[in-house]
Amino acid sequence: VCSMGNSTSRLYSALAKTLSSSAVSQHQDCLEQPDSAQLDPIDPKDLLEECQIVLQKRPPRFQRDFVDLKKNTASNHRPIRVMQWNILAQALGEGKDNFVRCPMEALKWEERKCLILEEILAYKPDILCLQEVDHYFDTFEPLLSRLGYQCTFFPKPWSPCLDVEQNNGPDGCALFFLKDRFELINSANIRLTAMKLKTNQVAIAQTLKCNETGRLFCVAVTHLKARTGWERFRSAQGYDLLQNLKSITQGAKIPLIICGDFNAEPTEEVYREFSSSSLNLNSAYKLLSPDGQSEPPYTTWKIRPSGECRHTLDYIWYSQHALKVNSALGLLTEEQIGPNRLPSFNYPSDHLSLVCDFSFNQDPDRLL
């Protein structure tokens with residue numbers, strides 16, 4: 001159960017299975033980070049083919065295109081592709097979120113995990129930031145480590161997943177980066193505070209060195225408190241995260257990329273905190289708008305018993321003096337999403353994935 005075997009075929013066969021909560025509880029020793037160096041690497045093309053075999057009765061994956069945002073500026077290094085995604089915790093999707101127009105069959109983990117993996121494998125991120133991960137130890141860490149990623153997970157202290165029968169453990173944030181592209185310099189797990197009180201929301205911040213350029217940068221992933229009425233709470237959490245990141249980046253001397261489900265529209269105070277921070281941050285997906293100043297109309301779209309929910313909640317922030325966005329992945333159209341909204345047989349989460357290609361500016365200090 002823990003190692004999933006050393007042979008590639010045994011690991012592939014695990015795609016059609018999943019650990020039950022009882023299996024996890026019986027194997028608490030597996031919750032230690034496995035030594036992936038002892039496991040055989042996986043060819044991503046083979047894994048993608050295996051996912052597609054599992055998904056052959058489902059509709060094909062939606063086509064999304066990258067929008068070129070370069071302004072005739074050449075870069076002397078390969079871009080860094082960053083993917084941000086709230087993948088929808090399995091326990092919440094099946095047991096709490098109550099997507100009234102999504103058939104329960106579409107939420108089966110055996111197939112839904114293959115849809116998630118297919119999306120990741122299609123875009124090949126160098127850095128992957130996920131929220132609502134409740135199948136880290138039995139799915140994402142064993143597979144992604146064998147694809148060459150270094151993996152880190154930080155669960156919520158009181159995950160709502162634990163209230164669901166047959167859960168797979170707590171959900172949390174996870175951060176993955178390709179070890180052949182980056183070296184880990186420092187890693188911090190941050191439990192966010194609000195009004196000086198520790199909260200149930202977390203963040204991971206890692207300082208990496210780009211092997212190609214030797215440049216340092218910091219990448220962070222977070223998931224702020226959900227729901228209407230918690231705006232001031234989110235603002236306090238955002239302030240706490242910014243204070244931590246100011247310390248980690250030495251006041252913006254180290255470039256920064258922050259990925260997250262902020263559970264906040266651009267009209268909220270926490271959004272204004274990030275956009276006006278001394279860290280000189282910009283939101284990458286604003287660059288898709290005609291004037292470069294407007295966020296997308298939605299990053300999540302679902303139907304619950306209370307009605308239809310279409311919101312912009314997910315962001316990729318970056319140090320605009322030190323980094324530039326070369327391209328960004330376009331969002332799904334309303335027609336692609338369909339009248340029953342998300343999740344669906346076509347798409348595994350109620351949030352859209354965001355993907356950007358970044359490169360370093362040549363003279364970042366000049367722009368501060």
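Can you run the Rg to Rh ratio on the chain? Use alpha carbon positions and the Kirkwood inverse-distance Rh. Intermediate values should be presented prior to the final figure.
Working: Rg = 19.6 Å, Rh = 20.9 Å.
In the chain, Rg relative to Rh is 0.94.
Between K209 and D65, what's the calculated FRET efficiency when r is the beta-carbon distance and R0 is 25 Å? Round to 0.05. Mind dumping the intermediate values first?
Numbers: r = 32 Å, r/R0 = 1.26.
The calculated FRET efficiency here is 0.20.
What percent of all Cα-Cα pairs in region 154-243 falls in each 10 Å bin, counting up from 0?
Over region 154-243, the share of Cα pairs per 10 Å bin runs 16, 38, 29, 15, 2 percent.
Kindly give the semi-axes, whole Å and largest first, of the ellipsoid equivalent to region 165-304, taking each as the square root of 5 times a Cα gyration tensor eigenvalue.
Values: eigenvalues 120, 82, 58 Å².
Sorted largest first and rounded, they come to 24, 20, 17 Å.
Kindly identify region 297-368 as rounded, prolate or oblate by the Cα gyration tensor criterion: order the square roots of the eigenvalues as a ≥ b ≥ c, call it rounded if a/c is under 1.5, otherwise compare a/b with b/c, prolate if a/b is larger, else oblate.
On the way: a/c = 4.24, a/b = 2.72, b/c = 1.56.
Judged from the Cα gyration tensor, region 297-368 comes out prolate (a/c at least 1.5, a/b above b/c).
Highest first, please rank the peptides 244-254, 263-273 by the mean number of other Cβ atoms sitting within 10 Å of their residues. Mind showing how you got there, number by number?
Values: 244-254: 16.4, 263-273: 18.5.
By packing density, highest mean first, the sequence is 263-273, 244-254.
Just to compare against my own numbers: the Cα pair-distance distribution for region 237-344, 5 Å bins, whole % per bin, please.
In whole percents, the pair-distance histogram is 2, 11, 20, 22, 17, 13, 8, 5, 2, 0.
Keeping all protein chains in place, calculate the accessible area per residue for region 44-366 (probe 1.4 angstrom), answer in Å². Working shown, then result.
Details: 13130 Å² over 323 residues.
In whole numbers, region 44-366 has 41 Å² accessible per residue.
Of all the accessible heavy-atom surface of the chain, with the other protein chains kept in place and a 1.4 Å probe, what percent is carbon and sulfur?
Result for the chain: 49 percent of the exposed heavy-atom area is carbon or sulfur.
Between K96 and N76, 0.36 nm times their residue separation minus their Cα-Cα distance comes to what? Write down the numbers at each step before the final one.
Details: separation 20, 0.36 × 20 = 7.20 nm, distance 4.78 nm.
2.4 nm is the gain from fully extending K96 to N76.
For region 62-176, what ratio Rg/Rh do Cα atoms give with a Kirkwood hydrodynamic radius?
Values: Rg = 16.3 Å, Rh = 15.8 Å.
Value, to two decimals: 1.03.
Find, to one decimal place in angstroms, the Kirkwood hydrodynamic radius of region 121-190, where the mean of 1/r is taken over every pair of different Cα atoms and then inverted.
On the way: mean 1/r = 0.0769 Å⁻¹.
Evaluated over region 121-190, this radius sits at 13.0 Å.
Note down the nm distance, to one decimal, between modelled labels 7 Å out along Cα→Cβ at E165 and at S247.
Here the modelled spin labels are 4.4 nm apart.
Give K124/K246; K156/K246; K179/K302; K209/K286 a once-over and call out the pairs whose C-alpha atoms are over 32 Å from each other. Don't jump to the answer; show the numbers that get you there.
Values: K124/K246 29 Å; K156/K246 23 Å; K179/K302 36 Å; K209/K286 27 Å.
The answer is K179/K302.
Under a plain spin-label model, where a point goes 7 Å from the Cα along Cα-to-Cβ, how far apart in nm are D43 and Q362?
Calculated label separation equals 4.1 nm.
The values are calculated or read from the model by the stated rules, or taken from the named source; none is laboratory data. Keep in mind it's a predicted model, so treat the numbers as computed, not measured. Neighbour counts run over all protein chains shown; Cβ positions are idealised from the backbone, glycine included. We work out accessible area using only protein heavy atoms, side chains counted, and drop any ligands, DNA or RNA first. Shrake-Rupley method; radii C 1.70, N 1.55, O 1.52, S 1.80 Å.
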